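What follows is a single structure, written as structure tokens, with notes after it.
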Amino acid sequence: MRAKLGVSALVLLFLGGLWLVAAPFVVGYQPRGDEYADATVNDLWIGGGLAAVGFVALVTYAADLLRELAARGTHADR
């Protein structure tokens, strides 16, 4: 149960970061062709950071699961 909750939180963190990166353009508060507003720059940096942390954590978790499966030998052909 804890693993599912943790993975769900990491997925939400990753998706939240992606939304912050896309929001200025989707919502429309960053006019096309204008210099980036301070809010847009903030969203890009914070969203990019959150998405990167979420992605790295998910990849690390998946690698740890694969390592554990290999150690148990459950990946062998039956």
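The values are calculated or read from the model by the stated rules, or taken from the named source; none is laboratory data. In this text, all values refer to a predicted model and were calculated from it rather than measured experimentally. Cβ placement follows ideal geometry from the backbone for every residue including glycine, while neighbour counts extend to all protein chains displayed. Heavy atoms of the whole protein, side chains included, go into the accessibility calculation; ligands, DNA and RNA do not. Shrake-Rupley method; radii C 1.70, N 1.55, O 1.52, S 1.80 Å.
Things to note:
- Cβ-Cβ under 8 Å pairs, at least 6 apart or on other chains, region 38-50 side closer than 7 Å to V21 by Cα, far side aromatic (F, W, Y) and open to solvent by 50 Å² or more (accessible area, probe 1.4 Å): L44/Y36; G47/W19
- L50 vs. criteria under 10 Å from the mean Cα position of the chain (by Cα), at pLDDT below 95 and either surrounded by 10 or more Cβ atoms within 10 Å (Cβ to Cβ) or in a loop (DSSP other than H, G, I, E, B) (or both): no
- Here W45 passes the criteria (1) at pLDDT below 95; (2) loosely packed, with under 14 Cβ neighbours inside 10 Å; (3) over 25 Å from K4 (Cβ atoms) except the one numbered (1).
- Pairs with Cβ under 6 Å, 6+ apart, first in region 6-27 and in contact (Cβ under 8 Å) with a residue 40 or more places away in the chain, second open to solvent by less than 60 Å² (accessible area, probe 1.4 Å): L10/G54; L10/A57; L10/L58; L13/G54; F14/A51; F14/G54
- Residues that are closer than 21 Å to L15 by Cβ and of a type in the set (F, W, Y) within region 29-78 comprise Y29, W45, F55, Y61, listed in sequence order.
- For region 1-42, a residue qualifies if it is polar (S, T, N, Q) and either loosely packed, with under 12 Cβ neighbours inside 10 Å or over 18 Å from the mean Cα position of the chain (by Cα) (or both), and the qualifying residues are S8, Q30, T40.
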